[in-house]
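Quick one: structure below, then a few questions.
The values are calculated or read from the model by the stated rules, or taken from the named source; none is laboratory data. These numbers were taken from a predicted model, which means no experiment stands behind them. Note that each Cβ is placed from the backbone with ideal geometry, even for glycine, and that neighbours are counted across all protein chains shown. For accessibility, only protein heavy atoms count, side chains too; no ligands or nucleic acids. Shrake-Rupley method; radii C 1.70, N 1.55, O 1.52, S 1.80 Å.
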Amino acid sequence: MSPMHVLLVEDDPVIREATQLALERDGFKVTVAEDGLAGLDAYRAQAPDVA
C-alpha cells in the first residue's frame, strides 16, 4: 500500500519544514506549498489524500 499523500500549505518556512519533516518521518508522502494559490495548484495537479 502506498503512503498517504498530504498537501501541506503553510506560509511560515520554519513551521512548514518542521511539519514536513515530522510527517515524512511518520511515513507520509508530503507536498508543500507556501501560499493558498500554490496550494490550490498543487491540489489540482496532484490530488492528495488530505490537505
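Can you tell me which condition Val50 does not meet? The list is (1) open to solvent by less than 70 Å² (accessible area, probe 1.4 Å); (2) at pLDDT below 95, and all the others hold.
All conditions pass for Val50, except number (2).
Can you tell me how many residues in segment 1-31 are open to solvent by 60 Å² or more (accessible area, probe 1.4 Å) and in a strand (DSSP E or B)?
Result for segment 1-31: 2.
Test Ala45 against the stated conditions and say whether it is open to solvent by 70 Å² or more (accessible area, probe 1.4 Å) and touching a helix residue (DSSP H, G or I) at 6+ places or on another chain (Cβ under 8 Å).
no
Yes or no: segment 30-43 includes at least one residue that is touching a residue at least 12 places away in the same chain (Cβ under 8 Å) and in contact with a Gly (Cβ under 7 Å, 6 or more places away or on another chain).
Yes, that holds for at least one residue.
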